[in-house]
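> Right, I'll just put the structure down here and ask away after.
The values are calculated or read from the model by the stated rules, or taken from the named source; none is laboratory data. Keep in mind that this is a model prediction, so the values were computed, not measured. Cβ atoms come from the backbone with ideal geometry, glycine included; neighbour counts cover every protein chain shown.
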Amino acid sequence: MRYKRLKAGQTDVVHKDVPVSGRDSTGRGSVCAADDAPVAQLDRAPDYGSGGLGFESLRAYSFLWAGTEMKPHEAGMALALKEAEKACSRDEVPVGAVVMHEGKVIGRGFNQVETLQDPTAHAEMIALSAAASTLRSWRLDGCSLYVTLEPCAMCAGAIVLARIPLLIFAAPDPKAGACGSLRNLLQDHRLNHRVDIVTGIMESQSTMMLKSFFRELRMKNRSQDICQGSGLPD
Ligand SMILES: [Zn+2]
């Protein structure tokens, strides 16, 4: 598979796969149990490190998706898509994110803006907070962030502040994307940190999930309007 890779200072260059392991080899920090994370973080990321796949190895997971072996970026994105599915099942816009460090998931999150009634509860923010708790450090130097949708301005700002070196996202967001669509905060030379970007990994899966979510939402709203208009009970 070929996909776009935007290196800081370059635009729209097409590269072949780059193994994640080469990026996540700083040896910084150590993985701790979710029990050690601050309570507030656990509130914001209720599924982090509990049940499910837990701190799964990216290498191990790469053999599980659809019974076929995947490259590291696809394997990471598959985990982010699983997070997006959780959002979808809670009637949230399906966006998911995972932070990888040395081949392991150290933070995960899915969009919970409606559930928490918190405008900052985007998948990326929750995953970054969880990863910082795991490493006990706000600096996420050796980490890669996988997101199913191009991050917005708020999340792009947080990515820069966290010193994430590599962002991989699936689908572009032409209405709110701040990593190349509306603007590119991650590669602004006026800032003190720049981020490499890889796009288009499992883009069709993410786009399909988003499209079907909004299609169902529109249908739900339409049928509610019809019920209200006809005087029928909800
Ligand atoms: Zn965001």
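> Whether any residue in the range 193-203 is over 17 Å from H73 (Cβ atoms) and of a type outside the set (K, R) is what I want to check.
yes
> Which condition breaks for I201 when tested against (1) in contact (Cβ under 8 Å) with a residue 24 or more places away in the chain; (2) within 16 Å of the ligand (Cβ to nearest atom)?
Condition not satisfied by I201: (2).
> Then there's this: Before we move on, is S144 of a type in the set (G, A, S) and under 13 Å from the mean Cα position of the chain (by Cα)?
Yes, satisfied.
> Can you find a residue that is closer than 19 Å to T120 by Cα and buried (at least 23 other Cβ atoms within 10 Å of the Cβ) anywhere in the range 194-208?
No, every residue in the range 194-208 fails to be closer than 19 Å to T120 by Cα and buried (at least 23 other Cβ atoms within 10 Å of the Cβ).
> Could you identify the single residue in D118, D141 that is assigned to a loop (DSSP other than H, G, I, E, B), out of contact with any strand residue (DSSP E or B) (no Cβ under 7 Å at 6 or more places or on another chain) and within 20 Å of H73 (Cα to Cα)?
D141
> How many residues does the range 176-197 contain that are assigned to a loop (DSSP other than H, G, I, E, B) and away from the ligand (no atom under 12 Å from the Cβ)?
Total meeting the criteria: 12.
> If you don't mind, there's one more thing I want to ask. Taking the options C143, C155, name whichever one is of a type outside the set (V, I, T), closer than 14 Å to A176 by Cα and buried (at least 22 other Cβ atoms within 10 Å of the Cβ).
Just one listed residue meets the conditions, C155.
> Could you tell me how many of the residues in the range 121-138 are within 14 Å of the ligand (Cβ to nearest atom), in a loop (DSSP other than H, G, I, E, B) and touching a Lys or Arg at 6+ places or on another chain (Cβ under 9 Å)?
Of the residues in the range 121-138, 1 are within 14 Å of the ligand (Cβ to nearest atom), in a loop (DSSP other than H, G, I, E, B) and touching a Lys or Arg at 6+ places or on another chain (Cβ under 9 Å).
> Now, a different point. So which residues in the range 87-106 are closer than 21 Å to C143 by Cβ, more than 15 Å from the ligand (Cβ to nearest atom) and not aliphatic (A, V, I, L, M), if there are any at all?
Those that are closer than 21 Å to C143 by Cβ, more than 15 Å from the ligand (Cβ to nearest atom) and not aliphatic (A, V, I, L, M): H101, E102, G103, K104.
> Could you look through the range 98-128, keep only residues that are small (G, A, S) and out of contact with any Ser or Thr (no Cβ under 7 Å at 6 or more places or on another chain), and pick out the one that is surrounded by the fewest Cβ atoms within 10 Å (Cβ to Cβ)?
Only one residue tops the list, namely A121.
> Now, a different point. For the range 144-174, what are the residues that are within 12 Å of the ligand (Cβ to nearest atom) and in a loop (DSSP other than H, G, I, E, B)?
E150, P151, C152, D173
> I would also like to ask the following. Looking at S223, S206 in this structure, which one is at pLDDT below 95 and either touching a strand residue (DSSP E or B) at 6+ places or on another chain (Cβ under 7 Å) or assigned to a helix (DSSP H, G or I) (or both)?
Residue meeting the stated conditions: S223.
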